[in-house]
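Asks: This structure is in structure tokens; I'll ask about it shortly.
None of the figures in this text is laboratory data; all of them are computed from the coordinates on show. Everything numeric here is computed off the predicted structure, so don't read it as measured data. Glycine gets a Cβ as well: all are built from the backbone with ideal geometry, and neighbour counts include every protein chain shown.
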Amino acid sequence: MSKGMKLLGIALLVSAALSGMAADAPSQRMGKVKTVDFITAVKVGDVLLPAGEYKVQELMDGDSHLLVFKTMNNQEKVRVRCNLVELPRKVAQTEQDARKNDAGEPVLQSLAFQGEKARHDIGTQ
């Protein structure tokens, strides 16, 4: 193989690697598992989750962005649609926003994970 062909091959590999890195951030998050700790019971979608630590996985279902909440032993509790909102900077620590419904139950409105530049607005998609 000539030196020119080797250089062309290397250039193509570097170009492919750079284009992969330029992929949009939401697709890079898909499938990753994070954790969240609820200090009180909180309603997520139609399910009231007891206080405790949960695994949260981001998935796509067609055009819908989903968050899947599982117990620490991987028992799925609820799937909710969400709207991903890009933020100007990375979140310093995981943030949760819950507001009480008419029954007085805290209902999760949004979730932002430490180190990410996005917030998940629950049930707004």
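Asks: Go through the stretch 68-98 and give me each residue that's free of Cβ contacts under 8 Å to residues at least 40 places away in the same chain and either in a loop (DSSP other than H, G, I, E, B) or in contact with a Cys (Cβ under 7 Å, 6 or more places away or on another chain) (or both).
Replies: T71, M72, N73, N74, Q75, L87, P88, R89, K90, V91, A92, Q93
Asks: Within the stretch 99-114, identify whether any single residue is touching a Pro at 6+ places or on another chain (Cβ under 8 Å), surrounded by 14 or more Cβ atoms within 10 Å (Cβ to Cβ) and touching a residue at least 24 places away in the same chain (Cβ under 8 Å), and answer yes or no.
Replies: Checking the stretch 99-114: not a single residue is touching a Pro at 6+ places or on another chain (Cβ under 8 Å), surrounded by 14 or more Cβ atoms within 10 Å (Cβ to Cβ) and touching a residue at least 24 places away in the same chain (Cβ under 8 Å).
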